[in-house]
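In what follows, a single structure is set out as structure tokens and then discussed.
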Amino acid sequence: MSTFTNTIDTLRQPLNIPVSKHGYRLVTDFVYMWAHKTQQLRLTVPCGFEYDGASVPRICWTITGLRPDGLIRAAATAHDYLYRHSGNVPASNMQLALPALRGQNFHPWQEINTPWTRKQADKLFARIMRESGVGKFRRRLAYLAVRAVGWTRWT
């Protein structure tokens, strides 16, 4: 099974297929890696995950230019996954890189089981949008929208 990860230069959007009028299914794992302070973290959204993408009302597509299947797709995938689990992501899908072993060029990964807060999930949403190339104004609108109404989906 192939996976897609972000790089320093660009963030690849997840591969998905439509399964309903407002739903998508991942056809490969979506892996997002990032640095937070001195830690390297990895979130894996598994192949087969079904989600509604960015729940942008159609009227807002014209106003903001944000479409659920555009540059916002990677951010929406990770965000929906965190929301689906109310921040309690299965440990195998959230990992922390351990320091490299002497003489080896890889970082072994350790599973972590730290619950996310809704605010942390929303901030990651904004971060991934930035890395995907969503402009500051549109990114801010999307972030404010999830902060304002995201509580309705966080169980």
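Using the Cβ of G87 as centre and a radius below 13 Å, the other residues enclosed give a net charge of +3, where K and R count +1 and D and E count -1.
Residue order by solvent-accessible surface for H85, H36, H22, H79 is H22, H36, H85, H79, largest first, with ligands and nucleic acids left out and a 1.4 Å probe. Note on exposure: M33, M129 ranked by accessible area (1.4 Å probe, complete protein assembly) read M33, M129, with the most exposed listed first. In order along the stretch 21-26, the phi-based Karplus estimate (6.51 cos²θ - 1.76 cosθ + 1.60, θ = phi - 60°) of 3J(HN,Hα) comes to 4, 10, x, 9, 10, 5 Hz; Gly and Pro are listed as x. Residue order by solvent-accessible surface for T44, T77 is T44, T77, largest first, with ligands and nucleic acids left out and a 1.4 Å probe.
The values are calculated or read from the model by the stated rules, or taken from the named source; none is laboratory data. All values derive from a computational prediction rather than experimental measurement. We place every Cβ from the backbone using ideal geometry, glycine too, and count neighbours over all the protein chains shown. Heavy atoms of the whole protein, side chains included, go into the accessibility calculation; ligands, DNA and RNA do not. Shrake-Rupley method; radii C 1.70, N 1.55, O 1.52, S 1.80 Å.
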